[in-house]
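Please read the structure below before turning to the comments.
The values are calculated or read from the model by the stated rules, or taken from the named source; none is laboratory data. Here the structure is a predicted model, which means the values were calculated and not measured. Counting neighbours? That spans all protein chains shown, and the Cβs are built from the backbone with ideal geometry, glycine included.
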Amino acid sequence: MTKEQRLKKRHAAEKRFRLYGLTSILVALVFVLILVNNIFSKGSSAFMKTVINVEVFFDPELIEIENGAPEENIREADFYDITIETLLKAYPAKNLDEENELIDLFTTDAEIEIKKAFLENNNLIGKKINLEITASDDIDQLHKGNYPRNLPEDRRRISNFQLKIYDNLLKNNKINKNFNNYFFNNGDSRDPELAGIGGALVGSFYSIIICLLLAFPVAVLASIYLEEFAPKNKITDFIEININNLAAVPSIVYGLLALQILLATIQLPRSTPLVAGITLALMTLPRIIIPCRASLKAVPPSIREGALAVGASKFQSVFHHVVPLSLPGTLSGTIIGLAQALGETAPLILIGMVAFVVDIPSTPIDPSSSLPVQVYLWSESAERGFVEKTSATIMMLLSFLIVMNFIAVYLRQKFEKRWN
Amino acid sequence: MKKIINILLGFLIALSFTTISYSRDQIKIVGSSTVYPYATVVAEKFGKSGKFKTPVIESTGTGGGMKLFCAGVGANHPDVTNASRAIKPKEIELCKKNGVTEIIEIIVGNDGISFAHSVSAPDADFTKEQLWRALAAKVDIDGKLLENPYKKWSDIDANLPNKKIEILIAPPTSGTRDAWNSLVMTKGCTKTAKSLYESAGKKAKKECAKIREDGYAVEAGENDTLIIQKLSSNPDAFGFFGYSYLVANKDKIKASSVDGVQPSLEGIQDYSYPIARPLFFYVKKAHVGVIPGIKEFLKEFTSKKAMSNRGYLAKIGLVPLASDKYKATRTAALDLVTISIN
């Protein structure tokens, strides 16, 4: 082989390697794009909801309260008759079956929505107002084009009569799309049009805060001690190996641990963010200790020695000089650890977070679900409307993760000092 | 190190104090994933009606629910467990051991299991024996037990379609699989096979319910929605799941007849459709009056508004009880009638 041939061969090898690298990155990108596209195309419609414009007449005959009645009385008052009366006016129905089908076009919470409109403006008795009432899940899905209408009637959830009403309302511009405030404000519900991630958001928030409060100080102190103060001997080596092992333990194992210790022995209440936060803290602890130690290790010895040389104690050199310099790495490690904890489902199954919770938790010891658990629960529901809700919840979860990772990168780039 | 230990100890002590003051003003329900959709709807209506907090419902499966339910009396243990089968003597034993001696049994309604496939496939009709032959690990041929040799439906019976057998099945942990085993696999099992198992000293019931593992029956996971997606994209595949899923997905899947009967509301109610079963939930009587709202919750669940033919549970696929059974259930719920435990 001549010199030229060998050179050519080496160049070809390099070219091939570059090509392999590029291909694998492209393949990964394509998969990410498919996943994101799949989630976004299914989920983006969940942020809007279909509403039907109706005219509400607060007939004094049908209502037991008067203008200016105290709020308490209104809350207890029965708006059922007015609701039925209002809904039936949307389209002429001939018999009871048709009336029922007509009422089914609206959400089961129509009465609550009318009552809310009344509460906002407390002197509506005897007046007429236009109100947008949330449509039922079936109409919502039909309007968003997620449900086929060209099937024979017996294979559709929407009857021919209901389709006729829908077309009529559409022609008269009575059907609109609004921002879906329920999706963010409500807890879980079995009616997809009323279901929201409000409860799950609060639950996740409490869990992550408790996780942060428990894991962060312990992890930082542990890593400072191990890195700066602990003698290097067999015991600390053993501890170091085990911290690395713990970081790799499957998260479901921490769920089992929590089930045994927190629920069975200490008897903390099941399904609560308190237990979830402690469990996630146990899981996150080694995952924070490792980057913390790495960032402490990255501070050059000259800093420590300089401090010691001008007469600082060991404690002063560590806490006045080393720790502040390692802080960016510590914080970004913590945030990435918390982001992992936020997306965790497996340990939460064992401590009872996979539960149907309607009320939004007000304290960390109220039962609650969390975002990933809500995804899991909705993906199992039979109703069609939960498909888009599932994807939309994944979108929310992904955007939280992206924001957290972005903050971590930002902190590192902004505050990290380079030592060269 | 001491510092860390001290901090950890401090947290543990603080936590143990919080438990002492812990009490519950909210009903807690665990149990079957089949009853879960019905229980959640009732719970939501119950919560909206005002006076009490909405009950929290965990879907743990029937067996897991019984374990939690029978673990003891007190605010840390659930008040109600849902079940897709009746409580077993073993579970009653466990309850008794842990001081749960008074249990109220409520029959919620009936659930039919539909054997369904994509709407684009031609209609089908199977007998229970044919279904057993398609799924069993071992079948009897000419008086001998052999590893299941059937590859196509037409191998079982010439009248069946000439297509590969492909059935998506629920995992062994699900209540649906339990019901399928007892209603189809055990009953469809031929007498010859049963006697062959018994003469070999094995339990016929258990052996008949064993499912083949050669790729013709595919375990598809707990997620019934996923099974439906798979069925709608593959017209040759069959699957089984609760009747409510059939109702909610009429545009994608349709049911095959079993023994010539299509699943229907009436058929499941009077059990003329052969794969139907009652659903239950169990209530701890000791918690009534301690945890607020249990009595009212029972009243709501068993009300005509919920349980009758036109009730809201029927709308989402629960098959209501026949009227005489309904009366018995209603009485049990109102008078808190407990089941006998000996």
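Summary of values
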read-out	value
Tally of residues being within 21 Å of B:TYR243 (Cα to Cα), among the polar types (S, T, N, Q) and within 13 Å of chain A (Cβ to nearest Cβ) across the stretch B:57-107	3
In the stretch B:245-270, the residues that are more than 14 Å from chain A (Cβ to nearest Cβ) and without any contact (Cβ under 8 Å) to a residue 24 or more places away in the chain	B:VAL261, B:GLU266
Some residue of the stretch A:58-78 being assigned by TED's automatic domain parsing to the domain that holds A:LYS144, among the aromatic types (Phe, Trp, Tyr) and under 30 Å from A:PHE386 (Cβ atoms)	no
The stretch B:268-311, residues that are basic (Lys, Arg), within 21 Å of B:ALA86 (Cβ to Cβ) and surrounded by fewer than 19 Cβ atoms within 10 Å (Cβ to Cβ)	B:LYS285
Selected residue [at pLDDT below 85 and at positive phi] from B:GLY175, B:GLY221, B:GLY215	B:GLY221
Residue in the stretch A:303-321 that is surrounded by 22 or more Cβ atoms within 10 Å (Cβ to Cβ), in a loop (DSSP other than H, G, I, E, B) and not aliphatic (A, V, I, L, M) present	no
Residues satisfying the stated conditions in the stretch A:103-118, i.e. touching a helix residue (DSSP H, G or I) at 6+ places or on another chain (Cβ under 6 Å) and not acidic (Asp, Glu)	A:ILE103, A:LEU105, A:PHE106, A:ALA110, A:ILE114
Subset of the stretch A:384-403 (residues that are surrounded by fewer than 19 Cβ atoms within 10 Å (Cβ to Cβ) and of a type in the set (A, V, I, L, M, F, W, C))	A:MET395, A:LEU398, A:PHE400, A:LEU401, A:ILE402, A:VAL403
Of residues in the stretch B:203-221 being buried (at least 18 other Cβ atoms within 10 Å of the Cβ) and part of a loop (DSSP other than H, G, I, E, B), the one farthest from the other protein chains (Cβ to nearest Cβ)	B:ARG212
Helices (runs of 4 or more DSSP H) lying entirely in the stretch B:236-342 (those with 2 or more residues that are at positive phi)	none
Given (1) under 27 Å from the mean Cα position of the chain (by Cα); (2) within 14 Å of chain B (Cβ to nearest Cβ), index of the condition A:ASP140 fails	(2)
Matching option when the condition is in contact with a strand residue (DSSP E or B) (Cβ under 6 Å, 6 or more places away or on another chain), under 19 Å from A:ASN168 (Cβ atoms), in the same structural domain as A:PRO70 (by TED's automatic domain parsing) and touching a residue at least 24 places away in the same chain (Cβ under 8 Å), among A:LEU131, A:LEU142	A:LEU131
Residue ID - nearest to the chain's Cα centre (by Cα), chosen from residues in the stretch A:196-205 that are within 14 Å of another protein chain (Cβ to nearest Cβ) and in contact (Cβ under 8 Å) with a residue 60 or more places away in the chain	A:ALA200
Test: residue in the stretch A:186-195 that is surrounded by 15 or more Cβ atoms within 10 Å (Cβ to Cβ) and away from chain B (no Cβ under 14 Å)	no
Some residue of the stretch A:210-227 being farther than 24 Å from A:ASP366 by Cβ, away from chain B (no Cβ under 13 Å) and part of a helix (DSSP H, G or I)	yes
Test result for B:ALA134, in a helix (DSSP H, G or I) and either free of Cβ contacts under 8 Å to residues at least 12 places away in the same chain or within 14 Å of chain A (Cβ to nearest Cβ) (or both)	no
Any chance A:LEU119 is loosely packed, with under 13 Cβ neighbours inside 10 Å, among the aliphatic types (A, V, I, L, M) and either more than 14 Å from chain B (Cβ to nearest Cβ) or touching a Pro at 6+ places or on another chain (Cβ under 8 Å) (or both)	yes
Residue within the stretch A:339-348 that is surrounded by 16 or more Cβ atoms within 10 Å (Cβ to Cβ) and either under 26 Å from B:VAL42 (Cβ atoms) or in contact with a strand residue (DSSP E or B) (Cβ under 9 Å, 6 or more places away or on another chain) (or both) present	yes
Residue within the stretch A:90-107 that is among the β-branched types (Val, Ile, Thr), in the same structural domain as A:ILE158 (by TED's automatic domain parsing), buried (at least 18 other Cβ atoms within 10 Å of the Cβ) and part of a loop (DSSP other than H, G, I, E, B) present	yes
Conditions (1) among the charged types (D, E, K, R); (2) surrounded by fewer than 21 Cβ atoms within 10 Å (Cβ to Cβ); (3) not assigned by TED's automatic domain parsing to the domain that holds B:MET66; number of the one not met by B:ASP224	(2)
